[in-house]
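The values are calculated or read from the model by the stated rules, or taken from the named source; none is laboratory data. Here the structure is a predicted model, which means the values were calculated and not measured. Cβ sites come from the backbone with ideal geometry, for glycine too, and all protein chains shown count toward neighbours.
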Amino acid sequence: MSAILTFNQQRLFEQARSLQDQQDVLVVVKNNAYNFGMERAYKAFYKAGIRSYATTNLEEAVWLRKQDNQITIVLLDPSTEFDVLREHDISLTVPNLTFYHQYKEDIKGIKIHLVFKNLLNRFGFDTGEEMKTVFDEQLLTITGIWTHFAFADELTDERYEIEKENWSNVLTVLEPYLHTLTFIHAQNSASYLRDGLFSQHTHIRAGAIAYGALPYYGLPESLASQAIEVSATVKDIVSVPKGQSAGYSAAFIAEEDTLLAICDIGYGNGILRTRSKHEVMINQKTFPIAVLMMSHLMVKVDTSVSIGDRVYLYNDQLRLEYFRQKGVGAISEQMASLNHHTFKINEIPLSE
Ligand SMILES: Cc1ncc(COP(=O)(O)O)c(C=O)c1O
């Protein structure tokens, strides 16, 4: 049997519903819905009652519009494909004053969100006053404003407080216009779990938590149930005597007589090299990885492991946020790296 990637669509739905029951969610579905699969994710999110979707990719935005006429679709990146945006009723993010001055005649009639740059320094207006000039000119159909916090996920970094204050100052400047907006959104999963929905805001803009992953380690696991699982099979077990090596260029050198389980998964499946610094689970026991290769993983095991056993890299005990804490990478990075076409896909569909 090959490596298996499980998508638990029912769990995704339950997770999304519990979130949507708390707050209106503008769910982030960029990068093929965090690599969960756009169609798979959309069906679960829609069933959960989520009616607002955000992506950076125009093709994904158009695909979403084809699913439903009524949902709100926000393009988080700027685009000059104005006809496509207009035809499909996709809300456009205007990223700064330069873009506004250059295109203000062309984007009339398109729903507009203005973004504040803040400390992320990606896209965005530099100040609330700049944003206010766009409101004051009254040329555009502005339906939303937003920002994104660069430090919400870093619990010990005080710059999150600065970002929040900057944003709060923007809201103060734009106060006369806030009642005209249907979308005021700033908070990703971490910000929402830390602070709840900020006052005056209409939606959280959630990624990780909507996909069943906690943004950081240490939160109650009951807040999110992981919707993916990654596993492989033990194909062989080899004994490596003390002093001998295994893997290309002696990637592993046995400091004692060692049993290595050879498993059918590797970086070709999208397993990050950083992930190979940490354990896998076989028969409910954890074992360290010795070598990561393109199609194989060598795991240091004991005699309790047999050929044919399943090897878990991600499951309910081995969670994305645990590996984020260990430095493997962001939740989205761990999810986005998985190469679907190299796995046998196991679907747990929505129940009727
Ligand atoms: C603009 C924007 N908003 C929201 C999110 C969702 O963040 P999270 O997955 O931490 O909830 C992202 C993620 O990359 C983002 O880029």
Worksheet, complete the sentence: Among strands (runs of 3 or more DSSP E) entirely within the range 1-65, at least 1 residues that are aliphatic (A, V, I, L, M) and closer than 22 Å to Ser225 by Cβ occur in 4-8, 26-28
Worksheet item: Any chance the range 42-61 includes a residue that's surrounded by fewer than 17 Cβ atoms within 10 Å (Cβ to Cβ), more than 27 Å from Leu178 (Cβ to Cβ) and modelled with pLDDT of 95 or more?
Response: yes
Practice prompt. Quick one: count up the residues across the range 33-48 that are touching a His at 6+ places or on another chain (Cβ under 9 Å) and more than 13 Å from the ligand (Cβ to nearest atom).
Written response: 1
Worksheet item: Would you call Leu219 over 30 Å from Phe343 (Cα atoms), loosely packed, with under 14 Cβ neighbours inside 10 Å and within 16 Å of the ligand (Cβ to nearest atom)?
Response: no
Practice prompt. Confirm whether Ser91 is hydroxyl-bearing (Ser, Thr, Tyr) and either touching a Ser or Thr at 6+ places or on another chain (Cβ under 6 Å) or buried (at least 18 other Cβ atoms within 10 Å of the Cβ) (or both).
Written response: yes
Worksheet item: Just checking, which of Met281, Met294 is within 24 Å of Ala336 (Cα to Cα), in a loop (DSSP other than H, G, I, E, B) and modelled with pLDDT of 95 or more?
Response: Met294
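Quick one: in the range 137-166, which of the residues that are assigned to a helix (DSSP H, G or I) and surrounded by 13 or more Cβ atoms within 10 Å (Cβ to Cβ) is farthest from the ligand (Cβ to nearest atom)? Give the steps one after another, and end with the answer.
Kept after step one, since they are assigned to a helix (DSSP H, G or I), are these residues of the range 137-166: 137, 159-166.
Remaining after also requiring surrounded by 13 or more Cβ atoms within 10 Å (Cβ to Cβ): 159-160, 162-164, 166.
Numbers: Arg159: 16, Tyr160: 13, Ile162: 18, Glu163: 13, Lys164: 15, Asn166: 16 Å.
Among them, the one singled out is Ile162.
In this structure, does Ser18 turn out to be more than 16 Å from the chain's Cα centre (by Cα) and either without any contact (Cβ under 8 Å) to a residue 24 or more places away in the chain or surrounded by 20 or more Cβ atoms within 10 Å (Cβ to Cβ) (or both)? Walk me through it before giving the result.
Details: more than 16 Å from the chain's Cα centre (by Cα): yes; either without any contact (Cβ under 8 Å) to a residue 24 or more places away in the chain or surrounded by 20 or more Cβ atoms within 10 Å (Cβ to Cβ) (or both): yes.
Criteria met by Ser18.
In the range 258-277, how many residues are among the basic types (Lys, Arg) and surrounded by 21 or more Cβ atoms within 10 Å (Cβ to Cβ)? Before the answer, list the steps.
To start, the set of residues in the range 258-277 that are among the basic types (Lys, Arg) comprises 273, 275, 277.
Still in the running and surrounded by 21 or more Cβ atoms within 10 Å (Cβ to Cβ): 275.
So the answer is 1.
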Item to complete: Could you grab me the full set of residues in the range 167-208 that are within 16 Å of the ligand (Cβ to nearest atom), of a type in the set (D, E, K, R) and assigned to a helix (DSSP H, G or I)?
Response: Arg194, Asp195
